[in-house]
Structures are given as C-alpha cells and as structure tokens.
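Peer 1: First, the structure itself, so that you have it in front of you.
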Amino acid sequence: MKAFIRTAGISRRATMFSAVGLAAPAFLASAAKAQAFPARSIRIVVPFVPGGGSDITARFIAEPLGAELGQNVVIENRGGAGGTIGTMAVVSSPADGYTLLYGTPGPLITNPFLMPNLPYDAEKDFAPVSLVTRGAYLLAVHKDVPVRSMPELLALARARPGQLTYASAGTGAGSHLAGELLCMQNGIRMTHVPYRGTAQAVQDVAAGRVTMSIDTYAVMIPNIQAGNLRPIAVTSLERFPEIPDVPTIAETLPGFEVGVVNYICVRSGTPTPIIHRLNQAFVKVLGQPALAERMREAGSSAPLSSTPEELADILRTEAAKWGPVIRRAGIQAG
C-alpha cells in the first residue's frame, strides 16, 4: 500500500533533516504539537456494533492507554456497511491524532476488493500506527451437529452439499472469507448466513438456527462453557494455548491458515511526531503483562505491537492474500 510506504519515508527524511540542523518550519511546528499531544480526550472508533471481538479488545486497551497518554480514551462504536460508516467517521475527522481507527481485516484490507464504490481510499486516506493483535478464528458447531472433528465435518459437507450453514458478522467479514476459503480448498459447498455483527451470529449458532460459525474465540467462550457450541478446530497454524485439545484445521488440511489482524491507524496527514507518540504509547501498553493476562482470560488474542512500517507490510501482505479469494468467489458487499 503506497500510502503506508510514503508515511515511513516522511519519518526517515524528518529524522535526517533534524540531525543536520536543516529542519523545516513545518516540521518544527508539528514537533511542537507532538510535545503538547494529547491535550484532550482521544476517540477510538470501532467500526462495528458492540459485543464483537474487536470491541472487546478495544475496551481492554482503552484504560491503560489513557493512563499512558494522560487523557481519557473513549471507545465509539460506529457499525454498519461492513465497517465503512465507522471508517468514514475517521476520514471525516481532523488529521490531528485525536481520532483513531480500530481496524480489522475489513476496513483497509478486504473492503477495497468487496466494494467497488468504497467511499474512501484505503491506500491514501490512512497512516498506520501499530498492530494490536494477530490472532486466528475458531470453528465451532452447534451441539447437535453430529461431528467432532474436521474430517467428520468435511465428510458431512460433501454428503449434504449446500445444506450446512455457517454464520458470519456480515458479507465480506473475515468470518465469511474464512468459510469461503475452506470451501474453495476442499471442493465443498456450504451456505453463508450473514448477520449484522458477531454477537448475533454466534447467538444463532448457539440456538441451533445455523450449523456453525468461524469467528473469534472470545465471543464463543460463554456458549462453549454452557455446552451450546462444540469447538472443532482453529484457523492458526498452531493450537490455541487456551484450548490445547482443539486441533488446527491445518492438521487436516496442510497449509490452511486464516489470521485475524487488528490494528490502529489514523488519518493520513497526521503529523509524523504525533504518529510516533501514539506508536510509543501502544507499544508500551500492549507490552504490559497485566493486559496480556486480562486478554488471555477473556479468550482474546495476545496483544502484539509493531512499528508503523511493520504494520504497513502486514496490511499489504493480507490484501495480496484475500484479493484473489474475493474475486474468485465473486463476493461483493454494499
């Protein structure tokens, strides 16, 4: 993504100019703003309805991040249109570092392929700040579905083409794409059932109205513990430490992997020193053992920070992976 490379380049040039005493007045002004930043509350926009994995993780981070920055950090849920409503709220805000986007694969990775009339430019309108987590999904079925392993699930899907259903947080959501990839790589057909958010999708699987869900472990925990859902496999290459007895899909289908990238971005044009200040805060907060333990207990992926440049590379790599899947499946959203 060219815009992300451009942000990194500004950072390197600014450092060079400063070192030789040639800093331009504009850079000095932005550096002064960064020293005073933040002077008021910061808003993290989660472009999905409450109750999903991204919302849960964002709320875990808000308090320690506020303590680190010395200001309140407010979580604002702006769900709808596959994450575009919340994403546009960030694009429409000043490029001053006070409005952050809590991104998932949708806003900047898959929506450009899913939505031909996307109202923002994923490459030009955002600058990366830090990775937040890099986890995976759990595939779970309703308790009455007669399968207990991936081989059994695949056999049932082949015996009943199109009859098995899987819920997702919406058309084009990561949970939807994970199901499409599973079908493509195995020559099976399952019926996708989209919802407006993860919580409702998982609830209907737990109630037996849908066969299965491929979504975050955190939102499934209550229903797994209640016996309404049966975990079958995880989409990472390694097993989850929290549920070590649940195998990976790759143990049945070598090489199968679906990651869940959560990250923080700001509007492009945000002064580079402010981006660096935010990055430093996220790196410190995401490295706190107390936060990692709290997220682990809730079933969330472990916190994992990055530099802005590293996040830019991750976003490019993920886009290169999912673009062909979306095109081959002919998926369009909105």
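Quick note: the coordinates plus some simple rules give every number you see, no bench work behind them. For clarity, every value in this text was computed on a predicted model and none was experimentally measured. In this analysis, Cβ positions are derived from the backbone assuming ideal geometry, glycine residues included, and neighbour counts consider all displayed protein chains.
Peer 1: About its Cα centre, how strong a charge dipole does the range 138-251 have in debye, to the nearest 20, once Lys and Arg get +1 and Asp and Glu get -1 at the Cβ?
Peer 2: The calculation lands at about 340 debye.
Peer 1: State log₁₀ I(q)/I(0) for the chain at q = 0.09, 0.11, 0.12, 0.16 Å⁻¹ as given by the Debye formula over alpha-carbon point scatterers of equal weight, solvent excluded.
Peer 2: -0.48, -0.69, -0.81, -1.35
Peer 1: Is there a quick way to get the dipole size of the chain? I mean about its Cα centre, with the Cβ of Lys and Arg at +1 and of Asp and Glu at -1; what is the value in debye to the nearest 20? Please list the in-between numbers first.
Peer 2: Working: 29 positive and 24 negative charges, 113 e Å.
Charge dipole, the chain, about its Cα centre: 540 debye, nearest 20.
Peer 1: Related question: Can you check how the C-alpha radius of gyration of the range 60-103 compares to 2.2 N^0.38 Å, as a plain ratio?
Peer 2: 1.25
Peer 1: Next question, about the same structure. Using only Cα atoms, find the angle between the long axis of helix 150-159 and the longest principal axis of the chain, and express it within 0 to 90 degrees, rounded to the nearest 10.
Peer 2: Computed tilt is about 60 degrees.
Peer 1: If I stretch the segment between residue 328 and residue 184 completely, what's the gain in nm (0.36 nm per residue apart, minus their alpha carbon distance), one decimal?
Peer 2: 50.9 nm
Peer 1: For residue 136, what residues show an amide H to amide H distance below 5 Å, using hydrogens built from the backbone and excluding near sequence neighbours?
Peer 2: HN-HN under 5 Å from residue 136: 260.
Peer 1: Looking at the chain, send over the antiparallel percent of its DSSP beta bridges, to the nearest 5.
Peer 2: About 60 percent, rounded to the nearest 5.
Peer 1: I've got another one for you. If you consider only alpha-carbon coordinates, what radius of gyration and Dmax does the range 138-251 have, in Å?
Peer 2: Computed over the Cα atoms of the range 138-251, radius of gyration and Dmax are 12.6, 33 Å.
Peer 1: Skipping prolines and chain starts, which residues have an amide H placed within reach, meaning under 5 Å, of the one on residue 96, given they are 5 or more residues away or on another chain?
Peer 2: none
Peer 1: Roughly how many whole Å is it from the C-alpha centroid of the range 76-93 to that of the range 227-268?
Peer 2: The range 76-93 and the range 227-268 have Cα centres spaced 26 Å from each other.
Peer 1: A further question follows. If you wrap the range 193-258's Cα atoms in a convex hull and average its projection over all directions, what's the area in nm²?
Peer 2: 4.7 nm²
Peer 1: Whole number please: convex hull volume per residue of the Cα set in the range 264-333, in Å³?
Peer 2: With only Cα atoms used, the range 264-333 gives 130 Å³ per residue.
Peer 1: Taking springs between alpha-carbon atoms closer than 10 angstrom, which of 310, 152, 318 fluctuates most in the Gaussian network model of the chain?
Peer 2: Of the options given, 152 has the highest mean-square fluctuation.
Peer 1: Among 122, 208, 259, whose Cα sits farthest toward the positive end of the charge dipole of the chain (+1 at Cβ of Lys/Arg, -1 at Cβ of Asp/Glu, about the Cα centre)?
Peer 2: 122
Peer 1: Here's something else I'd like to know. Residue 158 to residue 237: FRET efficiency via 1/(1 + (r/R0)^6), r the Cβ-Cβ distance, R0 22 Å, to the nearest 0.05?
Peer 2: 0.35
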